[in-house]
Amino acid sequence: MEFWNQIELFARAGEKESLRFLAACPGRRENHGKGEILHFEGDVLGALEVLLKGRVETRLPGENGDDGLAAAWLDGPTCLAPAPTFAQPPLSPVRMIALTEVEIHAWNTDEVLAFAGRNPVFLRALLATVAGKLAFLAERLREQNSLSLKRKILSYLHSLPIESDSTGIFVRLPLSKEALAGYFGVARPSLSRCLKRMETEVQLQVTGRIVRWIKPGESF
């Protein structure tokens, strides 16, 4: 039981209720390889999933099938997307990708809700877990909105995979400038002006979707 107590849902429910749930609802175990897409954005989430081992990246939808923006990284053990799992309709708002080999335990949502309906303690733990995730997401959004546009752009650039060629290192923007402006909540001209200032102040070089950091001694 020590392992399950590391997961917020079972820690809140307590050992007695957690053991009752695990006995009544055995669920199923799944293994996924590195790079495997666990869910696409818009997929129906038919099960409560717990990441037992490994790391999962969540990405916001991109433009015209692009991979989109990395939103968060989850390390097991933890619940995967408990809030959208019990929403109506239960659709994944992000793409979930295994960054390592991962092990997941899943329970059908109807089975979980039926058990919770018979067990008020477990129901309260489930509701608290969902509410906690929503509060965490709200705080992340609040922090993101409090950053200046320049800091948002720098933070975003540092989150992108680094590539290199004969000229040096660079990152490749996965979205168009218009889509990025929408992501940052500004008009496209505001984004363009900020990038121009950053080319002078921080010595970024922006060519199409390629961004290079050319300030001596510094890099992404």
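How charged is the neighbourhood of Pro82? Take every other residue with its Cβ under 10 Å from the Cβ of Pro82, and add Lys/Arg as +1 and Asp/Glu as -1.
Local net charge: -1.
With each run of n ≥ 4 DSSP H residues scored as -39500 (n - 2.57), what mean residue ellipticity at 222 nm is computed for the chain after dividing by its residue count and rounding to the nearest 500 deg cm²/dmol?
Result for the chain, helices only: -12500 deg cm²/dmol.
From the residues Leu204, Leu38, Ser166, which one has its Cα farthest along the dipole of the chain in the positive direction, the dipole being from +1 and -1 charges on Cβ of Lys/Arg and Asp/Glu about the Cα centre?
Leu204
Past 20 Å, Cα to Cα: identify those pairs from Lys34/Lys177; Lys150/Lys196; Lys16/Lys133; Lys53/Lys152, in the order given.
Lys34/Lys177; Lys16/Lys133; Lys53/Lys152
Every number in this text was worked out from the coordinates using simple rules, so none of it is lab data. A quick note: this is a predicted structure, and the numbers were derived from the prediction, not measured. Heads up, the Cβs are rebuilt from the backbone with ideal geometry, glycines too, and the neighbour counts pull from every protein chain shown.
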